[in-house]
């Protein structure tokens, strides 16, 4: 029992793992996450859609995983309810497509049938994150790699903002040749490697919040964490994304509540308050560098009159609601022949008009089931005395980050897209898989500790892993 528990803490897995499978899993996962936000679009031929470099990496990881299974070097694939959510949503898409074609007489096209398999993409990325079984060191290495990637993305954004000589080359690689490039040239709204300033705002708000959590809970170098936070705040302001700023604000509020509950000392609260004040100062200083950026954020003084919101409320969302009420149960189906020119700018309304209440209810499961599982693990951790900070710091970070990220994503979906956003789908659902795996490890450790003596075995107490917590907490004490 003790040996298996130490193995779970050190490697993230109960069963023995070969060094090759552990290194391959961690390296492949890190490469996938980094390439998902760094790689440019490319097109093999004019008849095929644009793809990104993370797709070939995903295919390589899948092939390697299958090879490990056949060779007996990897563990078996675990059956999770998340897979059933993908299956049910895929069936729902099929029903909506059938209903829209036969009853509503929408003319189908070949790309409509792609939506059936598209429902599985979040599941595929989730499985990669979950089955990688990242160890504590693996999570630490991933944070280091992601910090470098975030800094690269920020630097590319600064090059675009300042219109340096390298900017035209970067625009040719990452630009879309449309309204996002015009927004960059006219209003200096940077998009860096993600083609769209609002999508870049989503990524930066998640990264800002993630490294703020790492800073407050002492995960890795505090200099690294602060540097990434400041760079993300500067670049987020340069995007001119009001929704990105609002999402980051929501995330920081959640982090404040989490830190206030988890670390009950005034020094941490004061540190976070000072950090937020510095973020506000950075935001205020950078936005005034560009007149158009300052004007965009100035409109937030009267949020209901912001032009982009009025465009949604007065036009786009009304049209989407009309489509929804025509077929509220099963929706219209993918109907790309109709909806390719009918933008919604809201993932919730987009799912409702296409797949109805049935599809929307299943779609919410992508977010709500992982949130419930992660919350359960964090709540059980709060009942340990002391909590698992000493033995599972990386897993606790991943669980907290995943919880806040999913809450932010639910907010973002009101006016943007996250679940089926081509640029962020891999990043979001792979991190969700990592967070879910960390929550599962926490649950397994807690359940195992309930059957161990409070003091733990002498060999374990002397190990460098950490000090074991007691299964019960004194009355009146709280941790998270």
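Coordinate-derived values only; no laboratory data. Note that this is a predicted model, so its numbers are computed, not measured. A quick note on method: Cβ atoms are made from the backbone with ideal geometry, for glycine too, and the neighbour counts reach across all protein chains shown.
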Within 10 Å of each residue's Cβ, count the other Cβ atoms and sort 324, 161 from fewest upward. 324, 161
By how many nm would the segment from residue 84 to residue 221 grow when fully extended, if each residue of separation counts as 0.36 nm and the alpha-carbon distance is taken off? 45.4 nm
Measuring from centroid to centroid over Cα atoms, what is the spacing of the stretch 120-175 and the stretch 319-337 in Å? 35
Protection proxy (average C-beta count within 10 Å per residue), highest first, orders 189-198, 247-256 as 189-198, 247-256
With the cut-off at 1.5 for a/c, could you classify the stretch 184-252 from its C-alpha gyration tensor as rounded, prolate or oblate? prolate
So how far, in whole Å, is the C-alpha centre of the stretch 361-381 from the one of the stretch 402-422? 14
Contact order relative to length for the stretch 132-238, counting C-alpha pairs under 8 Å separated by 6 or more residues, stands in percent at 29
Fewest-first ordering of 352, 300, 184 by Cβ atoms within 10 Å yields 300, 184, 352
Two pseudo-spin positions, 7 Å from Cα along C-beta at residue 315 and at residue 176, lie apart in nanometres by 1.6
Does the stretch 80-127 classify as rounded, prolate or oblate by the C-alpha gyration tensor (a ≥ b ≥ c root eigenvalues; a/c under 1.5 gives rounded; else a/b over b/c gives prolate, otherwise oblate)? oblate
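Evaluate E = 1/(1 + (r/R0)^6) for residue 148 and residue 23, where r is the Cβ-Cβ distance and R0 equals 22 Å; express this FRET efficiency to the nearest 0.05.
Rounded to the nearest 0.05, the efficiency is 0.70.
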Can you sort 345, 315 by how many other beta carbons sit within 10 Å, fewest first? 315, 345
